[in-house]
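Bear in mind that the values in this text are calculations on the coordinates, not laboratory data. Here the structure is a predicted model, which means the values were calculated and not measured.
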Amino acid sequence: MLTPAQRRQLLAGVRGRRPVEPERLPLARLLAEQLVHQRAQVVMSAGLGILFAGTWVAEQTATRLTVLLLWAAVACVAGPLIERDARRARRFLDRT
């Protein structure tokens, strides 16, 4: 079990901000692979956005519109961040 500080150090190593200790390299590679596979979340969030849009079209209420707009805002912010982390993780995997 890693402490929160150790997890932050490991993530910083995968992102290229600090070197990874040799004994932590297998764990860092595992973390990098998980970050690369998180790209699927962007596709799933797009599908969920379509679902929210469909429910709003079926029943146009202020609550459904609010949920749709909030989800769209979250997806627009989180999507590029997930993609950035995935690219950095792929570079880390290519280097090691």
Given the options A46, A86, A28, state which has the largest fluctuation in a GNM of the chain using a 10 Å cut-off (strictly under) for Cα springs. A46
Roughly speaking, what is the centre-to-centre gap between the stretch 76-96 and the stretch 25-45 when only Cα atoms are used, to the nearest Å? 8
Calculate for the chain the 222 nm mean residue ellipticity that helices alone would give, adding -39,500 (n - 2.57) per DSSP H run of length 4 or more and normalising by residue count, nearest 500 deg cm²/dmol. -27500 deg cm²/dmol
Between [x] 57; [y] 52; [z] 68, the structure-derived percent of Cα pairs over 19 Å apart is [y]
